[in-house]
Amino acid sequence: MLTKRIIPCLDIKDGRTVKGTNFVQLRDAGDPIELAMRYCEEGADELVFLDITATTEKRKTLATLVREIATHINIPFTVGGGINTIEDVSLLLENGADKISVNTSAVNNPELINQLAANFGSQCIVVAIDTKIIDGNWTVVTHGGRNPTLHKAISWAKEITDRGAGEILLTSMENDGTKAGFAIDITREISTAVSIPVIASGGAGSMNHFKDVFEIANADAALAASIFHFREISIQELKNI
Amino acid sequence: MKVVIIKYNAGNIQSVLFALERIGMQAIVTDNTEEIRTADKIIFPGVGEASTAMNYLRERKLDELIVSLKQPVLGICLGMQLLCSHSEEGDTTCLNVFEKVSVKKFISGNNEFKIPQIGWNTISSLHSKLFNKVAEQSYCYFVHGYYAEENNLTIAKTDYIQPYSSALSFENFYGVQFHPEKSAIVGEQILKNFLDL
């Protein structure tokens, strides 16, 4: 049996792990390598690192950090944030990342997904979709929910699948930071609509939320950040439910 | 011991290198024929597309070199598939070390089985030195859209849509469909076992 995956996410700013609510009120959550190693020991299935620094100058330090992480952990990890070109991806993969995640750059230039899939294989291309309800429709948004796009979440999910995405990282901005549970309806709709794995993100607050998103929404993986960083939920216990 | 990782246009070599470092082994990454020929252990990694990878190997005559090797060789993921006879991916004639073993595309009748298979699945019916100290039903990390059928060279099985070969061996050649370099402690044990062969 293929297992459902539990994925801690580390938001990285200036080489530290931070976590805020809706991209504000960032609080320091520790050294990313120490956290990553702790998660490996606790049985995390994968890790995701999102660089929220995203200035060109500081991106070189990201590659160094990726390398440092890769030497210390023995499970797969995805790196995202500010990836715009094939060269950006090459640099991260050369330093030991297993997959990369694109979001805004894919919305601005959907052809990028085709290019990345052709160059590196679909298996290493995660496309992140941030979505919230606008006028009654789940709509794709960027910049932490501030900028709506013309895409509806479901049709965009189908389009990126056709373009060669290997996985979808779906974040509901309605649920993110609430700890009230994942967005079951849209996760289920997208998971049913596409043939690639869907990682649900946003809203995890209890063990049962994970159970629900796997069993009711049919997500293939679930991602969370602060509840793991601050030990509100133990990954080990979560794996046993 | 000289351990060589074959360098070609299929990624994730870095992960293999780091995994070997974690178990205390420095490996050389090279496409140099002489370096490969004189190695004690050879790892043939791979993430990518079968026909592109085979073309690359043929252009550099690495195909002939690989099949002539007499020391232990470990193919990982695409590396394992390229050691088979044929792959449906790009209708590719492969190296035919694992004779008459063909690689097929996963076909899912519904969305219950996502393709590619990405994540942790169990390996069972283990029978090879490669799996010393590895328990039946251990979890390993898989990422693949094509699989090798079960056959008489199968040394580990996994079930996804149907049972298939998650590891193969013939003489000095071994192949694993999963990524030992990303399969936590179990993966490290398998890499150690390979180095101990």
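Observations, loosely collected:
- Shown for the stretch B:3-196: the carbon plus sulfur share of the solvent-accessible area, taken with all protein chains present and a 1.4 angstrom probe, equals 47%.
- Pairs exceeding 24 Å between alpha-carbon atoms, taken from B:61/B:105; A:152/A:211; B:7/B:182; A:99/B:70; B:70/B:100: B:61/B:105; A:152/A:211; A:99/B:70.
- Bridging of residue B:114 to aspartates and glutamates at a Cα separation below 17 Å is possible for A:159, A:162, A:167, A:189, A:215, A:220, B:159, once same-chain residues fewer than 8 apart are set aside.
- Potential lengthening of the chain between residue A:72 and residue A:241 amounts to 58.1 nm, from the contour at 0.36 nm per residue minus the alpha-carbon distance.
- Rolling a 1.4 Å probe over the protein heavy atoms gives chain B an accessible area of 39 Å² per residue.
- Cα radius of gyration and Dmax for the protein assembly as shown (Å): 21.0, 67
- In the assembled protein chains, residue A:9 presents an accessible area of approximately 10 Å² (probe radius 1.4 Å).
- Cα centre as origin, Lys/Arg/Asp/Glu Cβ charges: the stretch A:5-239 dipole, Debye: 280
- Dipole magnitude of chain B, debye to nearest 20 (Cβ charges: Lys/Arg +1, Asp/Glu -1, about Cα centre): 320
- If you take the alpha carbon atoms of the stretch B:1-97 and fit the smallest convex hull around them, that volume is 80 Å³ per residue.
- Inverse of mean 1/r across different Cα pairs in the stretch A:5-239, Kirkwood, Å: 17.5
- Per residue, in Å², the accessible surface of the stretch A:83-238 once ligands and nucleic acids are set aside, probe 1.4 Å: 38
- Protection proxy ranking, peptides B:23-29, A:97-103, A:208-214, average beta carbon neighbours within 10 Å, highest first: A:97-103, A:208-214, B:23-29
- Stretchable slack from residue B:25 to residue B:157, in nm (0.36 nm times residue separation minus alpha-carbon distance): 44.7 nm
- Each of B:70, A:13 has its accessible area taken with a 1.4 Å probe; listed largest first, they run B:70, A:13.
- Interface between chains A and B: roughly 2400 Å² of accessible area buried, both sides summed (probe 1.4 Å, protein heavy atoms only).
- Threshold 50 Å² - residues in the stretch B:111-159 whose accessible area is reduced by that much or more when the chain is no longer isolated, probe 1.4 Å: B:111, B:114, B:118, B:120, B:141
- Modelled label positions at residue B:137 and residue B:34, each set 7 Å beyond Cα in the direction of Cβ, lie 5.3 nm from each other.
- Antiparallel %, DSSP beta bridges [both residues in the protein assembly as shown], to 5: 45
- Förster-model FRET efficiency, 30 Å R0, residue B:196 and residue B:59, C-beta, rounded to 0.05: 0.30
- Residue B:2 contributes about 50 Å² of solvent-accessible surface, heavy atoms of the protein only, 1.4 Å probe.
- DSSP-assigned coil residues among trypsin sites (Lys or Arg not before Pro) in the stretch B:120-167, each with at most 12 further Cβ atoms within 10 Å: B:133
- Bridges between two residues of the stretch A:5-239, per DSSP, are antiparallel at a rate of about 35%.
The values are calculated or read from the model by the stated rules, or taken from the named source; none is laboratory data. Everything numeric in this text was worked out from a predicted model, so none of it was measured. Backbone-built Cβ (ideal geometry, glycine too); neighbour counts: all protein chains shown. Just the protein is used for accessible areas: all its heavy atoms, side chains included, with ligands, DNA and RNA removed. Shrake-Rupley method; radii C 1.70, N 1.55, O 1.52, S 1.80 Å.
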